[in-house]
Amino acid sequence: MTRNRNHERADWAATALKTYRRQVGVDDCYDAVHDLIADLGHYAKRQGHDFLPLVARALNTWAAEVEYHDEIDPGPSVYIRLGNETTLRPTRKGGAS
């Protein structure tokens, strides 16, 4: 992944965030990112998706894009623990780890 490609990704996110901020009335960008991520969790649940593995997978992808700049590299392992629940790791689309 090239640095320019990551700038393009950031631009895509900025476009989505601008629309989200306008829709919900959040002025602070930091709070808007936080709120959007939380609201995506509600959306994922409504669609029948398990949000935590999606977040872990997204963090894995983000880290690979930022750190490794290589589409082939799978990126680092990402684990999420929510309370006393089992530690989760990202899964590939379709549920395979």
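The values are calculated or read from the model by the stated rules, or taken from the named source; none is laboratory data. What you see is a predicted model; the values in this text were computed from it and never measured. Ideal geometry is used to build each Cβ from the backbone, glycine not excepted, and the neighbour counts take in all protein chains shown.
Observations on the model:
- Counted residues, the stretch 1-29 - those being aliphatic (A, V, I, L, M) and in a loop (DSSP other than H, G, I, E, B): 2
- Of the residues making up the stretch 30-52, those that are assigned to a helix (DSSP H, G or I) and more than 16 Å from the chain's Cα centre (by Cα) number 1.
- Close Cβ contacts (under 6 Å, 6 or more residues apart or on different chains) running from residues in the stretch 7-31 that are outside the structural domain of Val66 (by TED's automatic domain parsing) and modelled with pLDDT of 95 or more to residues that are of a type outside the set (Gly, Ala, Ser) and surrounded by 11 or more Cβ atoms within 10 Å (Cβ to Cβ) comprise Tyr20/Leu36.
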